[in-house]
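Report on one structure; see the data block that follows.
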Amino acid sequence: MKVAQIRSVAAYLPAGRLDNKTLVEVFPKWTESKIERKLGIVERPIAGADETALDMGVAAANRLFDAGLARRDEIDFLVFCTQSPDYFLPTSACIMQDRLQLRKECGAFDINLGCSGYVYGLGVCKGILESGQASKVLFVTAETYTKYINELDSASRPIFGDGAAATLLELAEDDYSANDVFANAPTIGPFEYGADGSGAHMLIVEAGASRTPSTPETATPRYDHLGNYRSRDQLFMHGPGVFTFSIDVVPPLVKRFEQLAAAHNFSIDAYVFHQANKFMLDRLRDLCEIAPEKYFNSVETRANTVSSTIPIALIDASRSGLVRPGATALLCGFGVGLSWGACLARFPSNFAVCPLD
């Protein structure tokens, strides 16, 4: 039986870097060690002034093609997840199709979603594949949140970085289905999704679109009620609110998937969550009672790249063998929206990644 599978993953990180020493120069009440201890982040990849999410997504996909992990003429559908489009319209995926020289018979559209975007996108791609609409889907995530952040915003600037990832999904025979050890494990799925729009204000760029167009007034930065310096055209994050939301939603979500795995007699080999920051990841690991050797954290030099954190973590985790052919991982994204999503993924015998370093 043919099923949707994650075949290969590549990523791109821009050349610019923001290290803790630079942050301390801007926020002298901090120290480099304090930032690293709390956030687990030493440096953040930063897109160039003229480098967009679309540019980075193209670069990630080209790495996949150049490494021989995918072929341009085989892609039937392109899905692009970003909240940093080049234009309000047209959809960035159509421009990406042309720049990647994919077939004109290739479908293409964008998903506007952030921290949970990789899981949601996998669900969309699985549906496209298993409904017979395509045999190979290129799923690209890319984000440039740092372009939305005021350099004097102490809440957001230390956390976010820019990055992109490209994932090839294909419809293929389940090469483990005849093996009793893996017979009950899924290839991609099941999925669980959620949204709570009452918390939309906790992570938002308030002005600049149809509801609140940009004006000289919205572009003027001020200190907000949390003491962060920003304009309404820039990103606002209520860190305590997002943290509370995450620790409320994620542990019961993880528990339900663990109960599902136990009921179907298979194990979860790896837990790969949205890489928000070390403090949140450590707290979630404790609350979920996950064995440290099964849990992955790659924020040190990657930072929070929003929808690209999970695929970048998959690449990094493959180096240690935590993510490998035959392994089953629980992927979990949560954040802006507010939204969340989780799914199981078992990697096929031909699963491969393009190393970042």
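The values are calculated or read from the model by the stated rules, or taken from the named source; none is laboratory data. This structure is a prediction, so every number in the text was calculated from the model and none was measured. Every residue, glycine as well, gets a Cβ built from its backbone with ideal geometry; the counts of neighbours run over all protein chains shown. In case anyone asks, the SASA skips ligands and DNA or RNA and just uses the protein heavy atoms, side chains included. Shrake-Rupley method; radii C 1.70, N 1.55, O 1.52, S 1.80 Å.
Got a sec? Which of Arg63, Arg37, Arg103 is open to solvent by 40 Å² or more (accessible area, probe 1.4 Å), among the basic types (Lys, Arg) and assigned to a loop (DSSP other than H, G, I, E, B)? So that I can check it myself, show each step before the final result.
On the way: Arg63 fails: assigned to a loop (DSSP other than H, G, I, E, B); Arg37 fails: assigned to a loop (DSSP other than H, G, I, E, B).
Going through Arg63, Arg37, Arg103 in turn, just one is open to solvent by 40 Å² or more (accessible area, probe 1.4 Å), among the basic types (Lys, Arg) and assigned to a loop (DSSP other than H, G, I, E, B): Arg103.
Could you tell me whether Val79 is in contact with a Phe, Trp or Tyr (Cβ under 7 Å, 6 or more places away or on another chain) and open to solvent by less than 40 Å² (accessible area, probe 1.4 Å)? Lay out the reasoning, then the answer.
On the way: in contact with a Phe, Trp or Tyr (Cβ under 7 Å, 6 or more places away or on another chain): yes; open to solvent by less than 40 Å² (accessible area, probe 1.4 Å): yes.
In short, yes.
Please name all residue pairs, on different chains or six or more residues apart, with Cβ atoms under 7 Å, provided the first residue is in the range 112-123 and is more than 13 Å from Ala165 (Cβ to Cβ) and open to solvent by 20 Å² or more (accessible area, probe 1.4 Å) and the second residue is modelled with pLDDT of 95 or more and in a helix (DSSP H, G or I).
Listed pairs, sorted by first residue: Leu113/Tyr120; Leu113/Ser307.
Return only the number of the condition from (1) open to solvent by less than 40 Å² (accessible area, probe 1.4 Å); (2) within 23 Å of Gly127 (Cα to Cα) that Ala317 does not satisfy.
Of everything listed in (1) open to solvent by less than 40 Å² (accessible area, probe 1.4 Å); (2) within 23 Å of Gly127 (Cα to Cα), Ala317 misses just condition (2).
Taking into account only those residues within the range 18-34 that are assigned to a helix (DSSP H, G or I) and among the hydroxyl-bearing types (Ser, Thr, Tyr), which is surrounded by the fewest Cβ atoms within 10 Å (Cβ to Cβ)?
Looking only at the range 18-34, we keep the residues that are assigned to a helix (DSSP H, G or I), and these are 20-26, 32-34.
Those still in the list that are among the hydroxyl-bearing types (Ser, Thr, Tyr) too: 22, 33.
On the way: Thr22: 15, Ser33: 10.
So the residue we want is Ser33.
For the list (1) farther than 24 Å from Pro311 by Cβ; (2) open to solvent by less than 20 Å² (accessible area, probe 1.4 Å); (3) of a type in the set (A, V, I, L, M), I need the number of the one condition that Ala209 fails.
(2)
Just name the residue that is farthest from the chain's Cα centre (by Cα) out of those in the range 2-13 that are crowded, with 20+ Cβ neighbours inside 10 Å and not hydroxyl-bearing (Ser, Thr, Tyr).
Here the residue is Ala4.
Conditions: (1) of a type in the set (A, V, I, L, M, F, W, C); (2) more than 30 Å from Asp19 (Cα to Cα); (3) modelled with pLDDT of 95 or more; (4) open to solvent by 10 Å² or more (accessible area, probe 1.4 Å). Val137 meets all but one. Number of the miss?
(4)
List, please: which pairs have Cβ atoms under 7 Å, are six or more places apart or on different chains, and start with a residue in the range 314-329 that is of a type in the set (Lys, Arg) and end with one that is open to solvent by less than 30 Å² (accessible area, probe 1.4 Å)?
Arg324/Phe347
What's the number of the condition Tyr87 fails, among (1) farther than 26 Å from Asp316 by Cα; (2) touching a residue at least 24 places away in the same chain (Cβ under 8 Å); (3) open to solvent by 40 Å² or more (accessible area, probe 1.4 Å)?
Against the list (1) farther than 26 Å from Asp316 by Cα; (2) touching a residue at least 24 places away in the same chain (Cβ under 8 Å); (3) open to solvent by 40 Å² or more (accessible area, probe 1.4 Å), Tyr87 comes up short only on (2).
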